[in-house]
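Contents: one structure, followed by commentary.
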Amino acid sequence: MFQAVKSLPEPDADAKKHSHRLTEVIREEIDAAGGSIGFDRYMELALYRPGLGYYSAGAGKFGKFGDFVTAPEVSALFSQCLARQCISILNAIPQGNILELGAGTGVMAAQILETLADQGLLPPRYYILELSAELRQRQAETLQRRVPQWYERVCWLSALPQGGFRGVVLANELLDAMPVHCFYLHEGCVFERRVGVSNRGRLVWTKREAATALRARVEHLCGQLPQALPTGYHSEVNLRLDPWFKALGKAMEQVVMILIDYGYPRREYYHPQRIQGTLLCHYRHLAHEDPFFYPGLQDISANVDFTAVAQAGVESGLQLLGYTTQAHFLLASGLDEIFSEVLDEGLRLEYSQQIKRLTLPSEMGERFQVIALGKRFDAPIPGFGLRDLRIRL
Ligand SMILES: C[S@@+](CC[C@H](N)C(=O)[O-])C[C@H]1O[C@@H](n2cnc3c(N)ncnc32)[C@H](O)[C@@H]1O
């Protein structure tokens with residue numbers, strides 16, 4: 001699915017100027033920090049610096065004219081399957097609401113609201129928590145255009161609720177966009193890969209011995225692997241998951257959270273052969289591995305260690321309710337049935353292409369996985385009924 005490339009298209013002059021402004025801000029922060037910053041901080045600035053970061057400024061990002069395509073942008077069938085899960089979960093949590101984290105263009109919210117409205121099962125509120133002001137604006141435009149009659153049910157939050165949330169939490173491709181620390185192993189020691197500035201003013205990788213928290217985390221995860229990682233092994237770790245889940249755990253009273261992303265269980269993620277780690281950048285539909293290519297103009301992501309997600313969730317008081325591949329999740333959610341109800345030949349043709357994209361192992365079917373964590377919820381969740389992969393975590 002991801003094609004590695006040697007040369008990337010040149011941005012236009014305005015885009016370059018924008019990137020230079022962000023690079024300047026990053027360089028100043030590196031100077032102020034004494035010569036380097038953690039990659040997690042770099043990723044935070046490159047993606048979310050207000051007005052300049054990739055997600056916070058005007059770049060197209062999603063869809064054909066952007067840099068990458070996410071599942072709800074590929075097909076409404078994806079959101080329709082999620083809507084079915086919402087119906088089943090909300091059936092057991094009366095008057096529960098939906099909270100979407102990181103809603104992108106708002107297309108999934110619109111499609112879910114359309115599906116729930118068709119069934120007469122709209123929740124009182126559809127909340128969205130989105131870091132980017134630019135995307136909040138875009139989501140509002142999408143929802144006003146697509147579902148004007150349900151628009152007043154949508155409510156943007158600026159932070160997680162303080163407590164008492166009941167319902168469903170959804171997040172598609174949010175975890176891969178969380179800032180990560182980068183490390184490498186050298187003769188039994190853990191080094192942090194940081195971001196510095198070269199003599200010629202370019203952003204470059206630098207290194208130093210890992211501080212206690214990073215070293216402890218890497219040593220802990222290495223201890224859980226079936227085989228030792230070789231010297232020279234590079235990878236990433238998300239140290240922000242624990243505090244994020246802690247806040248989520250506190251915010252939730254009765255909930256099922258469904259998180260979808262690309263990644264692996266820990267022993268596959270930190271496989272000795274994955275020696276260069278999993279950082280992945282997207283620029284105009286080309287995937288590559290240079291996070292310093294025009295900061296602010298490209299997406300930067302890391303694959304998700306689903307074992308870390310499950311552990312952080314459980315430590316925050318949530319229960320692991322399900323883990324499976326995207327393909328199995330969609331099929332168990334009634335993808336075939338939804339497709340069989342479509343009679344228009346043209347639409348059937350379009351949908352069958354989209355289904356291939358969403359479910360084939362060579363496309364998004366296995367690279368993307370779905371995890372469910374919950375609180376005070378013990379009914380079965382249909383999407384996890386076909387194949388239970390929790391044992392792999
Ligand atoms: C890769 S995009 C996915 C967007 C959308 N879910 C989709 O599938 O098209 C990541 C989204 O998560 C948002 N985001 C990242 N970290 C977040 C956080 N901690 N809380 C809320 N939103 C966040 C980004 O601004 C962006 O909207």
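The values are calculated or read from the model by the stated rules, or taken from the named source; none is laboratory data. If you're wondering where the values come from, they're calculated on a predicted model, not measured in any experiment. For neighbour counting, all protein chains shown are included, and Cβ atoms are generated from backbone atoms with ideal geometry for every residue, glycine included.
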(message) Being in a strand (DSSP E or B), under 21 Å from CYS281 (Cα atoms) and touching a residue at least 60 places away in the same chain (Cβ under 8 Å) is the filter here; which residues of the stretch 176-210 pass it?
(response) HIS181, CYS182, GLU192, ARG193, ARG194, VAL195, GLY196, VAL197, LEU203, VAL204, THR206
(message) Checking the structure you have, find out if any residue of the stretch 156-175 is touching a helix residue (DSSP H, G or I) at 6+ places or on another chain (Cβ under 7 Å), surrounded by 21 or more Cβ atoms within 10 Å (Cβ to Cβ), touching a residue at least 40 places away in the same chain (Cβ under 8 Å) and outside any strand (DSSP E or B).
(response) yes
(request) Looking only at the stretch 85-96, count how many residues are surrounded by 21 or more Cβ atoms within 10 Å (Cβ to Cβ) and not aliphatic (A, V, I, L, M). (result) 3
(message) For the condition more than 16 Å from the ligand (Cβ to nearest atom), outside any helix (DSSP H, G or I) and under 24 Å from SER132 (Cβ atoms), what is the one hit in PRO50, PRO11, PRO94?
(response) PRO11
(request) Evaluate the stretch 76-99: report whether one residue or more is farther than 30 Å from PRO9 by Cα, touching a Cys at 6+ places or on another chain (Cβ under 7 Å), modelled with pLDDT of 95 or more and not acidic (Asp, Glu). (result) yes
(request) Quickly run through the stretch 48-70 and pick out the residues that are buried (at least 18 other Cβ atoms within 10 Å of the Cβ) and either closer than 15 Å to VAL197 by Cα or hydrophobic (A, V, I, L, M, F, W, C) (or both). (result) LEU52, ALA57, ALA59, PHE62, PHE68
(message) Restricting to the stretch 254-306, name every residue that is touching a helix residue (DSSP H, G or I) at 6+ places or on another chain (Cβ under 8 Å), over 30 Å from GLY96 (Cβ atoms) and of a type in the set (Val, Ile, Thr).
(response) THR278, ILE300
(message) Looking at GLU100, GLU73, can you tell me which residue is in contact (Cβ under 8 Å) with a residue 24 or more places away in the chain, near the ligand (Cβ under 10 Å from one of its atoms), charged (D, E, K, R) and assigned to a helix (DSSP H, G or I)?
(response) GLU73
(message) For the stretch 36-47: of the residues being outside any loop (DSSP other than H, G, I, E, B) and either more than 18 Å from the chain's Cα centre (by Cα) or more than 12 Å from the ligand (Cβ to nearest atom) (or both), which is surrounded by the most Cβ atoms within 10 Å (Cβ to Cβ)?
(response) ALA46
(message) Could you tell me how many of the residues in the stretch 108-135 are part of a helix (DSSP H, G or I) and more than 7 Å from the ligand (Cβ to nearest atom)?
(response) 12
